[in-house]
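Notes follow once the structure below has been shown.
The values are calculated or read from the model by the stated rules, or taken from the named source; none is laboratory data. No experiment lies behind these values; they were computed from the predicted model shown. Positions of Cβ are generated from backbone atoms using ideal geometry, with glycine treated the same way; all protein chains shown enter the neighbour counts. Remember, those area values only see protein heavy atoms, side chains included, never the ligands or the DNA or RNA. Shrake-Rupley method; radii C 1.70, N 1.55, O 1.52, S 1.80 Å.
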Amino acid sequence: MSTTAFQSSWRSINGPRSNPLPTFKPTPPTTGDSTSEASAAATRSRATLAPPLLNPSRVPPPPPAMARRAPFPNRGPPPPAFDVRDTEHLVSYVSSCLPDPPVSNTARFSARRGGAPGGAPDGADRISGLSDGLLRDIVSRLPFKDAARTAVLATRWRRVWLQAPLAVADAHLLDHWPPTPADAPAITAAVSAALAAHPGPFRCAHLVSTRMDAHQPQLRRWLRLLAAKGVQELVLINRPGPRQVPLPDTLFRSATLTCLYIGFWKLPDAAQLQGASFPNLRELGICSVAVKDGDIDSLVARSPLLEILNIIQGNVKVLRLVGRSLRCVQICASVVESIAVVNAPCLERLVLWDVRGSHDPASGLRTRIKIGTAPKLNLLGYLDPAHHLLEIGGTTITAGIEPRASIILTSVKRLSLTACFGANDAMMVPAFLKCFPNVETLHIMSVKCDEPAGKLIKFWQEASPIVSVKMRIKMMTISEFRGEQHELAFVQSFFENARVLKYAAITAANTRVTGISDNQMFSILQKMDDSRWGSKFGLAVLGTNGPEGGKPWLFQRGADFSDDDPFAPVKIIEGGSFLLCCFSRDSRPCSGDRRKRDGRGSPGALCPRWIFNLLSMQVSFLVLS
């Protein structure tokens, strides 16, 4: 096919668009008006609580007026919570988890005629003096529509274009999102022309804009061409579904693939997968794909170099993880009866977000998580005693279990738990902690509890010390904090037993959801009895602008091995006499005392409504954008 024909195939499509894929973006934080309540609360003396440590009379509920109206009406309604059953939410979530194309259509190029500033233009053609290798590198970094246009400049440029490895992203053909059914013919024609006109290789192909059930012949042809021309990264999304469109078996014989993401498809029958082979695949994403038991296990087994396995909305009975190269497994918004880490000697991270044992919450069926051979497992979360059963070394972990060598994992250093501290399931939290005696960083996602306010308070007050809490944990965070009595009881118990704790961060739930203002939350936390705490540590009090329950987990966080703790809502970097505190873009510091109190240095003067008491230490702040 000629270059002219290739270019004409997208003439009916608009130019590049600015936002190739929708993502979950946090509501921009806004600063509410300060009130006199914060100053009054800050200047009051801090009375020591007598046993019981958390007297309900000392932690008043929010005033009735706060329950009837939003504390910050100018902020509008809270962002909606993620619902996997909502097709629009699911499609947007999948799009947010996909890897970005290696090229961007948002960059703007400019050329200046003439020489150095102030000099006279010499009219020299400096581009033609560049080597073909450098020109190929430049062309390979352009969106494929722009790269093809360079071929009409001259014979040399056509040769450069034909030799440059291209990146095909169909989303770059549009100036709007999401695509409409009317866009499909022009998009499929442009992609077909590009794949046919260029001899390859292709750096990547991101095909996310077309509902492929109406274009299955083109899909089969695309996959044959991509396999023949050495595609390395392939993202193939059947937007927006249905999931019953089978993937052509040609896809499973592409030997050059290093990264593969598929979404809203149906895997072929087991007989068609017999010849599947991915000898170079290192990253696999399976997003809302209809599979049968054993299908995912088979794909992993046929990918000997696979390091990262990501799953969204999986629905299988049993998932067995066997892979000598697996380093990171992330399973989100899925229903799985059993997840068994059978033999994964290199596995470092296991992230389970919103994983349940049944679609029906009333069934009581929980996901059984079996951990066998995983000697390098360093990061584990979000374990949820209400929805997960933990099994280590063939033994099911139950409340009150005594630790022994066969049921402990000494390699885990960063642990994340999800818990409703007022429910009976929360009594499993100490049992979970006993299984990981070397945990140094603990993150907890607090779940809204509908149980009576005083339930389990005595349990937390009388809880026995745990080795990891007493001797190992140096950093603790708790998110979606509502200031309820059972939450305060747990936090007080934890702080009393933590002997080596250096930093803690409490992130309050969105005020637009709870009706409790920043000042009220800070006042509630002020009343805790720090005279009984086991160590002196820095305590950050934060807020969030995200939806109730927090934002969905993104694969990019867990797969970034340069980030040693992707669970952390706040990063604290020590540097001599200062600390650098990096907040995630979803978090914001709560209002509070901006003056020194109790001999402790408060750096709140750095910014109004920020509070970070760090025991007379100099502090620097950085908010991640």
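Compute the relative contact order of the stretch 149-241 as a whole-number percentage, counting only Cα pairs closer than 8 Å that sit 6 or more residues apart in sequence.
Normalised by residue count, the contact order of the stretch 149-241 is 31 percent.
Sort the stretch 511-573 into rounded, prolate or oblate with this rule: let a ≥ b ≥ c be the square roots of the eigenvalues of the Cα gyration tensor; rounded if a/c is under 1.5, and if a/c is not under 1.5, prolate when a/b is larger than b/c, oblate otherwise.
It is oblate, given that a/c is not under 1.5 and a/b is not larger than b/c.
Leaving out ligands, DNA and RNA but keeping every protein chain, what accessible area does Arg499 have, in Å² rounded to the nearest 10, with a 1.4 Å probe?
Only protein atoms counted, so the area is about 110 Å².
Highest mean first, what order results for 456-469, 325-338 on Cβ atoms within 10 Å?
On the way: 456-469: 17.7, 325-338: 21.3.
In decreasing order of mean packing, 456-469, 325-338 become 325-338, 456-469.
Highest mean first, how do 551-557, 192-198 rank when packing is the count of other Cβ atoms within 10 Å averaged over residues? Don't skip to the end; give the middle numbers.
Values: 551-557: 19.7, 192-198: 21.4.
Going by the mean number of other Cβ atoms within 10 Å, highest first, we get 192-198, 551-557.
Provide the per-residue ³J(HN,Hα) series for the stretch 189-201, in order, calculated from phi with Karplus coefficients 6.51, -1.76, 1.60 and θ = phi - 60°, each as a whole number of Hz, with x at glycine and proline positions.
With the stated coefficients, the stretch 189-201 comes to 5, 5, 5, 4, 5, 5, 5, 7, 6, 9, x, x, x Hz.
Cα gyration tensor of the stretch 255-409, axes a ≥ b ≥ c as square roots of the eigenvalues: rounded (a/c below 1.5), prolate (a/b > b/c) or oblate?
Because a/c hits 1.5 or more and a/b fails to exceed b/c, the stretch 255-409 counts as oblate.
Of the listed pairs Lys370/Lys474; Lys448/Lys551; Lys458/Lys536, which have alpha-carbon separations greater than 21 Å here? Write down the numbers at each step before the final one.
Values: Lys370/Lys474 27 Å; Lys448/Lys551 15 Å; Lys458/Lys536 25 Å.
From the list (Lys370/Lys474; Lys448/Lys551; Lys458/Lys536), the Cα-Cα distance tops 21 Å for Lys370/Lys474; Lys458/Lys536.
How do Arg349, Arg141 rank by accessible surface area computed with a 1.4 Å probe, from largest to smallest? Before the final figure, lay out the partial values.
On the way: Arg349 15, Arg141 140 Å².
So, going from the largest accessible area down, we get Arg141, Arg349.
Tell me, what HN-Hα J-couplings in whole Hz come from the Karplus equation 6.51 cos²θ - 1.76 cosθ + 1.60 at θ = phi - 60° for each residue of the stretch 326-342, using x for Gly and Pro?
Once rounded to whole Hz, the list reads 4, 10, 9, 10, 10, 10, 10, 6, 10, 10, 9, 6, 8, 10, 10, 7, 7.
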